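**Q** What follows is a structure written as structure tokens; I'll ask about it next.
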Amino acid sequence: MEYGLLTDQEGRPVAVEVVPGNTGDPATVASQVERIKRRFHIERAILVGDRGMLTQARIDELRQEGGIEWISALRSPQIRALLDSGAIQMGLFDQRWVVEVAHPDYPGERLVFCRNPDLAEERRRKREDLLQATEARLQPILEAVAQGRLQGAAQIGLRLGRVIDKHKVGKHFVIEIQDRSLKIHRDQPKIEAESRLDGIYVIRTSVS
């Protein structure tokens, strides 16, 4: 089971709802908004939620509801799209770590770009550690293929599949499999594209 809990500003519970355990977080938002407005007669409220709870679909519903504003954050693909469109210039972070912009894709919202250089460095270091750990796991497979002890594209692929995404960085490798050969190298452009987002998060809010 899962519980939906409403509290006051001091964190004291004022309402609780039990929902099935397989209920996604976004699906609980509408019922809580209903409770806020109908049961407690609150005409204006601000919901603060993570990206998994206040999804774009939920925010679209809140727009129609009226009286409910929100503070949440953008997902990585949304941030990447804004950077690619030139909505924000990375050079701005050389002078300051917080930049506020408006964008037509998010009407009536403020987008606050934040960059944490310490977090950026930590993510860079962690990514490199995971890449190296994955390469260490791949090396025995490469050697087995090179020595002829592992052959056949299907068999090579099966063995590869057991380890390539163990550390969740398989997307950063380019793999070429043939019956008697295996080539693997880092997808450097993809790694560099991801690294652009290191340490960056974007708060989105309708609050003035």
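**Q** Under 6 Å by Cβ, and 6 or more places apart or on different chains, what pairs join a residue from the range 11-30 that is within 22 Å of A57 (Cα to Cα) with one that is surrounded by fewer than 10 Cβ atoms within 10 Å (Cβ to Cβ)?
**A** If the second residue must be surrounded by fewer than 10 Cβ atoms within 10 Å (Cβ to Cβ), the pairs left are G21/M1.
**Q** Another question, if that's okay. Restricting to helices (runs of 4 or more DSSP H) lying wholly in the range 117-208: which have 2 or more residues that are closer than 30 Å to I71 by Cβ and open to solvent by 20 Å² or more (accessible area, probe 1.4 Å)?
**A** Because the criterion is at least 2 residues that are closer than 30 Å to I71 by Cβ and open to solvent by 20 Å² or more (accessible area, probe 1.4 Å), the helices (runs of 4 or more DSSP H) in the range 117-208 that meet it are 117-146, 188-195.
**Q** May I ask you to list the residues in the range 65-76 that are more than 16 Å from S208 (Cα to Cα) and at pLDDT below 90?
**A** E65, S76
**Q** Still on this structure, please answer the following. Among the strands (runs of 3 or more DSSP E) contained in the range 6-101, which hold 1 or more residues that are aliphatic (A, V, I, L, M) and over 23 Å from the mean Cα position of the chain (by Cα)?
**A** Output list reads 13-19, 45-48, 68-73.
**Q** Looking only at the range 60-105, which residues are without any contact (Cβ under 8 Å) to a residue 60 or more places away in the chain and β-branched (V, I, T)?
**A** Answer for the range 60-105, where residues must be without any contact (Cβ under 8 Å) to a residue 60 or more places away in the chain and β-branched (V, I, T): I68, I88, V98, V99, V101.
The values are calculated or read from the model by the stated rules, or taken from the named source; none is laboratory data. Quick caveat, the model's predicted, so the values are computed rather than measured. Cβ: placed from backbone, ideal geometry, glycine included. Neighbour counts: every protein chain shown. SASA here: full protein model, heavy atoms, side chains in, ligands and nucleic acids out. Shrake-Rupley method; radii C 1.70, N 1.55, O 1.52, S 1.80 Å.
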